[in-house]
Amino acid sequence: MAIKHNQQIQKNHFRKDWQRRPGKKHSRRVARQEKAVKVAPRPVDKLRPVVRCPTIKYNRRVRAGRGFSLAELKAAGIPRKLAPTIGISVDPRRQNLSEESLKANVERLKTFKSRLILFPRSSKAIKNGEASLEEVKSAKEGKTTRLVETAFPISNKVVIEEGKLSDFPATEDAYRKLRVARSDARLVGKRDKRAKAKADEDAAAKK
């Protein structure tokens, strides 16, 4: 309903007294600190893939995605059930539409795997892929990265190459190629008819 007559303000809850109550900003910060202490020496966040933003307006940019696809995990040699337990986010619904994105994210996974310090379940029997006792000791002393996004940043810096016009040779004219293909497809019937008529004329002339 629209406001009428004396222009009264609807639902005017102005006596909140915010000064006497702590804001959510402080409580969220305390919760982050408590989580960091609880999961230490593990990072507080997970490794995420590099994906393209949707739509023509923003697809020149890259950002962090929801999770790595199953194809990327397979190419990197990481089991899909092991990945979430070692700090890698997984999105089973995501599909790779280009070889470039697949290669970039596989390289990202391999780099993460090479820098990963996996604590052994038992210090007496260290299995293959688990960290040594010296690496475990250095990790507990705080010589490791606490944020994955700072250790594996996603950059949007555009590299522009400048030079003479002669340094950049012209490639094939894609627009011209498309126009010729469209014209050939449109005139295929007329050209067949013309070729058939000419063949009939040549056959009649020989008789």
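Highest mobility in the GNM of the chain, judged by mean-square fluctuation with C-alpha springs under 10 Å and restricted to V148, V37, V62, is found for V37. The alpha carbon centroids of the stretch 6-64 and the stretch 128-207 are separated by 38 Å. All alpha carbon pair distances within the stretch 1-111 were sorted into 10 Å bins beginning at 0; the resulting P(r) in whole percents reads 11, 27, 19, 16, 14, 10, 2, 0.
Report in % the part of the accessible area of the chain that belongs to carbon and sulfur, leaving out ligands and nucleic acids; probe 1.4 Å. Answer for the chain is 54 percent, counting heavy atoms of protein chains only. When H26, H5 are compared by accessible area of protein heavy atoms, the largest-first order is H5, H26, using a 1.4 Å probe.
Rolling a 1.4 Å probe over the protein heavy atoms gives the stretch 52-187 an accessible area of 81 Å² per residue. Contact order, relative form, for the chain: 18 percent (alpha carbon pairs under 8 Å, 6 or more residues apart, mean separation divided by residue count). Annotation: extensible slack from I9 through S123 equals 34.2 nm (criterion: 0.36 nm per residue apart, minus Cα-Cα distance).
Within the assembled protein chains, the solvent-accessible surface assigned to S123 is about 80 Å², based on a 1.4 Å probe. Largest GNM mean-square fluctuation among R191, R28, R48, using the chain with Cα springs under 10 Å: R191.
Using 1/(1 + (r/R0)^6) with R0 = 30 angstrom and r between the beta carbons of V39 and A104, what's the FRET efficiency to the nearest 0.05? Don't skip to the answer; put the middle values down first.
Working: r = 28 Å, r/R0 = 0.93.
Computed FRET efficiency for V39 and A104: 0.60.
When the C-alpha to C-alpha distance is required to be over 30 Å, the pairs from K35/K137; K46/K140; K46/K127; K24/K81; K81/K124 that qualify are K24/K81. Between R42, R20, R93, the GNM of the chain built on Cα springs shorter than 10 angstrom shows R20 fluctuating the most.
The values are calculated or read from the model by the stated rules, or taken from the named source; none is laboratory data. A quick note: this is a predicted structure, and the numbers were derived from the prediction, not measured. Using ideal geometry, Cβ is built from the backbone for each residue, glycine included, and neighbour counts are taken over all protein chains shown. With ligands, DNA and RNA removed, areas are computed over all heavy atoms of the protein, side chains included. Shrake-Rupley method; radii C 1.70, N 1.55, O 1.52, S 1.80 Å.
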